[in-house]
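Report on the structure given below.
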């Protein structure tokens with residue numbers, strides 16, 4: 001959860017459970033909203049094909065920061081600057097490692113006699129990316145926003161055909177590292193790429209029989225309290241519980 005002003009996040013959650021719950025509404029995962037995805041999985045000849053990125057969506061405060069930063073530059077450059085500013089905030093990790101650690105940044109500053117912040121350093125890095133790479137990551141960010149909306153609506157999209165289902169499609173397989181949620185039965189039988197190995201399936205969905213029950217919504221997702229292991233149907237319920245969890249005391 002993002003810090004509100006100078007208020008400690010844990011204290012805020014305990015004192016204002018409803019506000020805290022609303023703050024976390026729409027998070028792509030219960031891991032601080034970080035979602036794992038392979039942005040370049042269709043680039044077959046690239047070593048980055050299997051790299052897993054941890055990405056998250058910027059909150060309202062970060063978007064305001066970006067807008068304010070863009071005000072220092074001509075209007076014509078705002079689109080490009082916004083892409084860079086979004087990406088350096090959205091990409092949390094690559095293969096489980098942060099883009100830049102405080103230790104590495106400190107060594108860089110000592111070596112170059114500079115005082116760059118993490119954001120300053122990442123701006124320099126992002127400015128050296130090929131435009132194609134920046135545009136792809138920006139496109140992934142937009143796809144995560146669409147995924148966030150589907151999550152809240154309780155609907156699922158097939159990666160193969162793009163059809164959006166209001167119920168869990170029969171014989172579909174759940175996906176991971178993808179902007180879509182499932183691969184439907186038709187696309188499993190006739191994969192768009194010609195090979196099912198191009199898709200990363202969520203293992204639990206392969207071991208457990210799938211049903212076509214119409215209750216497949218965000219309320220069916222399992223969230224577990226890390227302190228007491230109690231499970232909840234929604235992230236909001238988990239957030240409210242954390243403020244009163246006996247296992248945390």
How far apart, in nanometres, would the label points at residue 125 and residue 152 be if each is projected 7 angstrom from Cα along the Cα-to-Cβ direction?
3.0
Summarise the long-distance tail of P(r) for region 60-105 by giving the % of C-alpha pairs beyond 16 Å.
48
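Mean separation of Cα pairs under 8 Å and 6+ residues apart, divided by the residue count of region 9-212: what relative contact order is that in percent? Present the calculation step by step, with values, prior to reporting the outcome.
Numbers: 232 pairs, mean separation 33.1, N = 204.
Dividing the mean separation by the residue count of region 9-212 yields 16 percent.
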Rounded if a/c is under 1.5, else prolate if a/b is larger than b/c, else oblate: which is region 9-212, with a ≥ b ≥ c the root eigenvalues of its Cα gyration tensor?
prolate
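Provide the FRET efficiency to the nearest 0.05 for the residue 11-residue 49 pair, computing r from the beta carbons and using R0 = 41 Å. Display every interim value, and only then the final one.
Values: r = 43 Å, r/R0 = 1.06.
Once the sixth-power term is evaluated, E becomes 0.40.
The numbers here are math on the coordinates, done by the rules we state, and not lab data. Worth saying up front: this structure is predicted, and the values here are computed from it rather than measured. No Cβ is skipped: glycine too gets one built from the backbone with ideal geometry, and neighbour counts run over all protein chains shown.
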